[in-house]
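What follows is one structure encoded as structure tokens, with my remarks underneath.
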Amino acid sequence: MTTPNRFSDIASAIRAELASVTRLAHVRTFHPNAFDWSEASTPSELAFLSEVVYGELDHETQAVAYVTKELAQLAEIERHVSAVIALTIGELHDLPDPVNVGHDLHHALSCFAAEEIQHANTFYRYVRMLAGSEARVDKALFNERFDVFRTDDHPYVKLVALCCSAYVGESVITIFEHRADALDPHRARFFTRLLHTHGLDEARHIKIDHVAMKSLYPALTIRQQSRVRQLVRQIEELNRRLAQSFQQTTELLLGVDFVTDNPAAAVQLQLTRTFAERIFTEDGALHTADEVLDAELRGLISAFSGVDNVHGPDTPTLSAALPGMLMGTQ
């Protein structure tokens, strides 16, 4: 059981926030047909990937391999998010709950799921063009990852856990979007436009995550909150296994080591681990990415991306210096 009185107090605010978040979802959105795919893997594009990943030119082969692995892996995670949201919508169908009244929750989750499957579609198309073929991982652990959510837990437990499990990756890709924008402020490069347009949807997803994290999660019982954390730990472990499989497959496919001496990979790993460790505190409280930034982490993000936050208002700080530096690694 959830706590009905608590939901009654916050339901109208949640519904209003979800309606606001999705109001322009049909306008500010991402679709693969909107891109000129002939631009995706030109020599100038590959040079830009080297600059984004290594902070300098002449690492095109390694940069292509790194981006191929990361976006193929992200595509699989986004496909999984879409499927679990569909499962949750089905379980919410006849739930008598003040948050679930009307259309707002159903609409927000439906938009979220539809956008995620298009992200998977688009990122897979992009990495096929970069790599010449697709890094295939056997069934991508899909059944194991999906089964984590095929339980008798309340749908809100599953929804919050899903949002938390996706949130770290969404936060990291947002920082990479900031970096591409800082290096290419006029968005002349295909990769910058790809991340920016993906970010139009992702900004809404982050806001939905924040509703789940800051409004739904506190209204759950202590036991349900514990179950959220258990589900998150399970899916994070499976996602780590997925990452290892994609790394091995991509290295075999392209015949290149793209992790050693890769500064972007080092930043990504540090951010991923730190966000995963910090969003839940020891007492079970749940925090956003920007709430867990300390001076060291803020400095890391600022040097890497040109902004000193994750999802808050953009604050340009080091855009002019970015082409010649990469968070102190050079």
Selection count, the range 129-150, where residues are in a loop (DSSP other than H, G, I, E, B) and modelled with pLDDT of 85 or more: 4
Can you list residue pairs whose Cβ atoms sit under 8 Å apart, with the first residue in the range 35-46 being assigned to a helix (DSSP H, G or I) and the second being surrounded by 12 or more Cβ atoms within 10 Å (Cβ to Cβ) and among the basic types (K, R)? Count only pairs 6 or more apart in sequence or on different chains. W37/R125; S44/R189; E45/R189
Looking at (1) on the phi < 0 side of the Ramachandran plot; (2) free of Cβ contacts under 8 Å to residues at least 40 places away in the same chain; (3) of a type outside the set (D, E); (4) surrounded by fewer than 21 Cβ atoms within 10 Å (Cβ to Cβ), which is the one condition that is false for G255? (1)
When residues of the range 182-196 are limited to those that are under 21 Å from W37 (Cβ atoms) and in a helix (DSSP H, G or I), the one nearest to the chain's Cα centre (by Cα): L195
Subset of the range 1-33 [aliphatic (A, V, I, L, M), under 21 Å from the mean Cα position of the chain (by Cα) and either surrounded by fewer than 12 Cβ atoms within 10 Å (Cβ to Cβ) or outside any helix (DSSP H, G or I) (or both)]: L24, A25, V27
Tell me, which residue of the range 142-170 that is surrounded by 23 or more Cβ atoms within 10 Å (Cβ to Cβ) and of a type in the set (S, T, Y) is farthest from the chain's Cα centre (by Cα)? Y156
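Filter the range 197-247 for residues that are among the basic types (K, R) and either over 30 Å from H186 (Cα atoms) or more than 19 Å from the chain's Cα centre (by Cα) (or both) and give the result.
Taking the range 197-247 first, the residues among the basic types (K, R) are 204, 207, 214, 223, 227, 229, 233, 240-241.
If the condition is that a residue be among the basic types (K, R) and either over 30 Å from H186 (Cα atoms) or more than 19 Å from the chain's Cα centre (by Cα) (or both), then K214, R223, R227, R229, R233, R240, R241 are the ones that fit.
Only one of these is at pLDDT below 95 and not hydroxyl-bearing (S, T, Y): L271, L300, L253. Name it.
Working: L271 fails: at pLDDT below 95; L300 fails: at pLDDT below 95.
Just a single option satisfies the conditions, and that option is L253.
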For the range 76-105, which residues satisfy the criterion of being touching a His at 6+ places or on another chain (Cβ under 9 Å) and part of a helix (DSSP H, G or I)? E78, R79, V81, S82, I89, E91, L92, N100
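The values are calculated or read from the model by the stated rules, or taken from the named source; none is laboratory data. Remember, it's a predicted structure, so these values are computed and weren't measured experimentally. Positions of Cβ are backbone-derived with ideal geometry, glycine not excepted, and every protein chain shown enters the neighbour counts.
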